[in-house]
Structure formats: C-alpha cells, structure tokens
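Values quoted throughout were computed directly from the atomic coordinates according to the rules given, and no laboratory measurement underlies them. Note that the structure is a prediction, hence the values are computed from the model and not measured. Reconstructed Cβ throughout: ideal geometry from the backbone, glycine too, with neighbour counts over all protein chains shown.
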Amino acid sequence: MSQSHIKVLYITGWCRNGSTILGNVLNEVKGFFHTGELSFLWKNAYGHGSNTFCGCGEALTRCGVWSKVLEEEAPAGSTPEAHAREVVRRQTRAVRTRHTWSILREGTRSEDVREYAATLSRTYRTIAKATGSHTLVDSGKLPSEAALLPHVEGITPYFLYLVRDPRAATHSWTKTKQYVVPMSALRSTSYWVGFNLASEAVIQRYPERSFFLRYEDFIAEPASVVGALLEHVGARDAVNPVQGRTVHLGKNHTVTGNPDRFRSGPTLLRPEDEAWRKELPARARNITQALSWPLMARYGYFQPRRTQAREPVPSNTAASGGKEELRGTGTDR
C-alpha cells in the first residue's frame, strides 16, 4: 500500500482501559503495527520519561525500529535529541487534553499544532516504511492528538473510543506496576471524566470513522470485537488472530503502555476481572461514582451489563470542560 494510504487507528480514552492488550492483539494481524503510546516516543527515548524501553525489551534508542524512526524523522539540520526536546515543548504548549476543543475548532491555525502535525506525518510514514505496515494502531489515548489526525498529511485516520468502568479503573490505579505509580480515586476519576468528555467531542465530529467500545464488551467476546474492528478499518478479509479466548502474541515494539506489554506467547484473554467489586474501599467507590455518574449512566454502568461490541455515543451527548493529561508522574500521562 502506498504511503499516501497509511491507515491509523487511534485509541482514545483514559488509561487502564485495556488499550495495550487490544493494540497488541491487533499487532498480530498481517500488515498491522501497534506503536503503543507514540506521543511519548520523544520524551522517553532520551531519558526524560518514566519508561525508556521498547516492548521488545531494548532501549528505544537501541531498538531496531525506533532508533531508525528517531533518526529518519528528525528534520534536516537538527539532531534527534534536539528535535525530541522541541517536540515535547510543542506537546506541552499545544497538544494537551484541554486543547482538544481548540484543535477541533481551529485545526492547525497555531504554529505549534501545525508543526506537531507535520512531525506526526513524518513519523507515521517512517514507521510504515520501517515495518512494512499499512495500518498503524496508536494507543496514545490523547483526545487532542486524535482531534489533530484529520489534519495530518499522508494518513487516513480512524478512531477507537475505548472506555472502562471508572470503578475498575480506580481500583487498577491503586496498584503499583513497575514504572506505573498509584493514583487516588479523586484524581483518577477526574481524569476519567475529562478524557472521556474530550474523546466524545472527537468522535461526534467524525462519527463515520469512529468506533465506541466498552472494555467489558471486548473482554466478553474478544474474537467478535476484533473482527468488528478489522471491518471498521476496511480489513474485513484479514485473518482474526483471536481463536476463542486465545491469541498468540509475538514480539512487539510498543512505546510505553501497561507493563504487561513485555509478555508474549499464547495468551488467554480472561473474562472481566471483577476484583474491584470486593477490593475497592467504599470511600473510593463513592468518590468515583459521585464524580462520574452521568457518564457511567450513559455508558450503561448502572444497568445490567450487556454484550454489545459496537454502540454509538448518543447524539445529544454534551462534551465540554476536559482535563489536562498527567505529566511526569510515572504514568506517562
């Protein structure tokens, strides 16, 4: 496939929503490549992030894929290190979650946004060339970046809005995993609400290219959901890597994400882990529900769970008031 037809499936939503495992499953489809959370490539590659390793186990600057991408993507006359510092500055100034609405309104009017779009264009094209891929899965989960993709030259964007029960997310944030540090119920749920409102704004702007998915529905019927996602990006004839509940995961080259990304081999996609129902303290549960109940109701989390792979966000959904992403907390958010 020519580089003018590179497809990018961008996963947006809040952290701890299953994007890493879903991205790695899609990574097993021929012609697909899961980048992980690509926006952290420049920050992590040169020692300023919380996790400097690729999913293959090598440092990003020594990985056969990312070392090549970092070298070739840097503009002429700039070293990869200097370019990385400038990319991170642009991200901070203009591509945080609170900027989602301005990007949707104004596109690339801002110089920082315009230059970052050019960086993404070069990066996606370089990744596709280096890996021989026609479809890239970016699990960045930044609504602002998702909003920018229609302005990125040389790609065709698709959006996967992935949401998880905020009580399960709060419970997950109480756990320490390698380079991922815990977060309070108040903080994690505030981000859950902000990121989801911003994600809704994006998919409402581009409904024909958007796919709404609850993590709970994915894990209930993983093979059928993956099949629906392949159809969504125009790859209905691709071989579905999920057989029943099992997928064989090979080596991946993800930029950050859940530490489970380092695992490979036959992997069982277990039914939903409902440990949060027993382990989440009442106070944390109450805080989570108090902050998120309007969206929880809209997404069906106050009703008996349904198995439904694709469900559009209601057209009368109001989207406003996003929160900015975390930086430098060990969560890469």
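With a ≥ b ≥ c taken as the square roots of the eigenvalues of the C-alpha gyration tensor of the chain, please select rounded if a/c is under 1.5 and otherwise prolate if a/b is larger than b/c or oblate if it is not? Display every interim value, and only then the final one.
Numbers: a/c = 1.39, a/b = 1.26, b/c = 1.10.
In terms of gyration-tensor shape, rounded.
Using 0.36 nm times the number of residues separating residue 251 and residue 92, minus their current alpha carbon distance, what extension gain do you get?
Details: separation 159, 0.36 × 159 = 57.24 nm, distance 3.13 nm.
Result for the pair: 54.1 nm of gain on full extension.
Using a simple charge model, +1 on the beta-carbon of Lys and Arg, -1 on the beta-carbon of Asp and Glu, nothing else, what dipole does the chain show about its Cα centre, in debye to the nearest 20?
Numbers: 44 positive and 32 negative charges, 143 e Å.
Dipole magnitude for the chain comes out near 680 debye.
For the stretch 141-229, which chymotrypsin sites (Phe, Trp or Tyr not before Pro) are in a loop by DSSP, counting at most 16 other Cβ atoms within 10 Å? Could you put the intermediate results ahead of the total?
On the way: sites: 158, 159, 161, 173, 179, 191, 192, 195, 211, 212, 215, 218; in loops: 179.
Here the sparse-neighbourhood loop sites are 179.
Determine the gain in length on full extension of the stretch residue 106-residue 228; use 0.36 nm per residue of separation and subtract their C-alpha separation, reporting nm with one decimal.
Numbers: separation 122, 0.36 × 122 = 43.92 nm, distance 3.23 nm.
Difference between extended and current length: 40.7 nm.
Tell me whether the stretch 202-284 comes out rounded, prolate or oblate; compute the Cα gyration tensor, take square roots of the eigenvalues as a ≥ b ≥ c, and use a/c under 1.5 as the rounded threshold. Numbers along the way, then the final one.
Numbers: a/c = 1.70, a/b = 1.20, b/c = 1.41.
Oblate is the answer for the stretch 202-284, as a/c is 1.5 or above yet b/c matches or exceeds a/b.
Which of rounded, prolate, oblate describes the stretch 160-254, given a ≥ b ≥ c as roots of the alpha-carbon gyration tensor eigenvalues and a/c under 1.5 marking rounded, otherwise prolate only if a/b is larger than b/c?
Details: a/c = 2.25, a/b = 1.33, b/c = 1.69.
Oblate is the answer for the stretch 160-254, as a/c is 1.5 or above yet b/c matches or exceeds a/b.
Express in nm, to one decimal, how much length is gained between residue 237 and residue 298 on full extension, taking 0.36 nm for each residue of separation and deducting their alpha carbon distance. Before the final figure, lay out the partial values.
Numbers: separation 61, 0.36 × 61 = 21.96 nm, distance 3.32 nm.
Using 0.36 nm per residue and subtracting the Cα-Cα distance, I get 18.6 nm.
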